[in-house]
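Single-structure report; data block below.
Laboratory data are not the source of any read-out in this text; all were calculated from the coordinates shown. For clarity, every value in this text was computed on a predicted model and none was experimentally measured. Methodologically, a virtual Cβ is constructed for each residue, glycine included, from the backbone with ideal geometry; neighbour enumeration extends over all protein chains shown.
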Amino acid sequence: MGTGGTGPGQDREPDAVPPLDRGELQARALSGVRWTAVHTVVSVGLGFGVNILLARILGVVDYGRVAYLTTVITIAGVIAELGLGMAVVQFGTKAHAVGQTEVVRSILSRSQGFRLLLIAPVVSLTVLLVVRVDPLLMALAIGFGIWLKAALSGTPAALTIENKTAQLAKNAMLVNLLTQVGVVIAALTSQDADTVWISRVTVGALGVVLALPYVSRSYRRAVLHPALPRGFPAGFWRYAVPAGVASILGNLIVSRTEVAFLTWSGDTASAGLFALAFGVAVHLFSPAQALVGPLIPAISGLREVDRAAVSRALRRTMRASATLTALLVAGGLAPLAILLEPIYGAQFAAAAPVLVALGLGAGVATAGAPLFAFIQARLAGGAVLKLNLLAVIVNLTLILTLLPLLGLWGAVIANLAGLLVRNLLLLVTEARDAQVPLSTALVDMAPLLVGSAACLLVYGITRTAPFGLVGSAAVAAIAGLLAYTIGLRLLHLGLAATDEAAIEAGVSAGLRPVASRMLRVLSHRRD
């Protein structure tokens, strides 16, 4: 392991990476959004199919076991990382935006050393303690899924720093396909939850390998030459540590930690029901959630090159996020709940109302997710820590209080309360920083309330309608969308006229006529 660093003339090397101006930042962000949307559409369809197969093969208890392993080991990795990844992207993006290639290389090289010295050993130990599989499969998981991935984890960070989020999305699309194939083979041949999880981790590590050629040569050398994790830029760990603790707390809120509590309490069947409902909700909202990735480097760079534009960007992001997320809430959530039993089997029938409840919470989380790009761009790790801490206190208090009394629904209520607290605090914090009146920010986010009300109304009426399950689901989708668009028109909410052109720019030319008509239906905001 080297000591890292470069000579003072590094920025003048032939392979030095050029800085980005505001136009290039916007162009790369839009390209990233387009390819992320394509990847999301493909992965959602594939993920739904594989999810159905896993639920039917593994059953309620083993399906919950896969979710439990994923949750526990993900949190172990987040704890070991201690905010490193977020700090690498933020400090690296800002340095790259102004052409400081040497600084970026130093950050990448030293972060690789940290991953190999700390993160990989901690996650390996967690896997050894929690997972129960054949020793050969365990060796594959630790060798490829943990150590190989740790050795090359700087690859996606480097692509993000360079604003090559489009390439990241293309790579993720391929890796997702390979991973899902591996998961299906493991499920069919073993019918064992631990083996399914091992296959997912092992094949998923291919992502960092396949992405390596697309990293600029200068940054690629830094990724492949880890250095001792010392000498980071001033303020690096001051941001990383509170941001890392905040990320740990955030994962406790959004990574279905309730599955772990239900499993520890011995209610494994409820753990499986919660896991399925949560997973289906995540699939539904992943198209909107996935668009946050390209925003993070773009907003971070924007603060460096045009700080005055941040306030306008915040309001446009809030309007677009809330309006489009609410479209999914109104038109997709009730039909999915109605069709849950015939799709996943009778043993998951009780998860239908849980899906509606958790789906509303997922809608809140999705609509608020882009705000994290703004709070991270200003390196406000302490603020993130405070709001996540308050949300976790609410979440854990309700879990410990309600789980013995209400079981599954105690976990649902705790999950929703934590999400609501965190996202409301985040909205208040970022509106204040951008000097946007809170009343204005709430109006920008109000379409989410309209979509949620439409969803609940339609689900309550159509779930017992005499149209058959497929007919009821179709009626629920149409009625939900109609109720939502009518609500936007009556209340003068949704997108502003100025938002349409900006959103259309992120859509491929062939889809723009359709997108334009849809956006006009959603544009009723009077500013």
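Computed quantities for the displayed model
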quantity	calculated
Sparse-neighbour loop sites [trypsin sites (Lys or Arg not before Pro); the stretch 189-280; at most 10 other C-beta within 10 Å; DSSP]	R230
Residues L333, L469, sorted so that the one with the fewest Cβ neighbours within 10 Å comes first	L469, L333
Percent of Cα-Cα distances greater than 28 Å, calculated over the stretch 267-494	35 percent
Protection-proxy order for peptides 317-323, 121-127, each taking the mean of Cβ atoms within 10 Å per residue, highest first	317-323, 121-127
The stretch 304-430, dipole about Cα centre (Lys/Arg Cβ +1, Asp/Glu Cβ -1), debye to the nearest 20	440 debye
Point-to-point label distance, R132-L405, nm (Cα→Cβ direction, 7 Å offset)	3.4 nm
Rg to Rh quotient for the stretch 175-218, alpha carbon positions, Kirkwood Rh	1.17
Unit Cα scatterers, Debye sum, the stretch 350-455: log10 I(q)/I(0) for q = 0.16, 0.19 Å⁻¹	-0.78, -1.01
Cross-link partners of K164 among lysines (Cα-Cα below 24 Å; sequence separation of 8 or more within a chain)	K94, K149
Rounded FRET efficiency, nearest 0.05, which uses the C-beta distance separating L339 from L424 and R0 of 41 Å	0.80
The stretch 326-365 residues near the modelled A465 label - backbone nitrogen below 18 Å, point 7 Å along Cα→Cβ	328-342, 353, 356
Whole-Å distance, taken between Cα centres, linking the stretch 139-216 and the stretch 388-412	33 Å
The stretch 18-233: proportion of alpha-carbon pairs further apart than 23 angstrom, %	51 percent
Selection from A362, H492, V310 lying farthest towards where the dipole of the stretch 267-494 points positive, charges on Cβ	V310
Efficiency of FRET from Cβ geometry, V181 and L491, R₀ 35 Å, rounded to 0.05	0.15
Likely footprinting exposure, V223, V89, V44, fewest C-beta neighbours within 10 Å first	V44, V89, V223
Cβ crowding within 10 Å averaged over residues, with 187-196, 149-158 ranked highest first	149-158, 187-196
Mean Cβ neighbour count within 10 Å, used as a protection proxy, ranking 417-426, 346-355 highest first	417-426, 346-355
Residues whose placed amide H lies under 5 Å from that of G99, excluding near-sequence neighbours	L20
S523 long-range amide H proximity, modeled H, under 5 Å	L495
Sorted by Cβ neighbour density within 10 Å, fewest at the top, the residues H283, H492	H492, H283
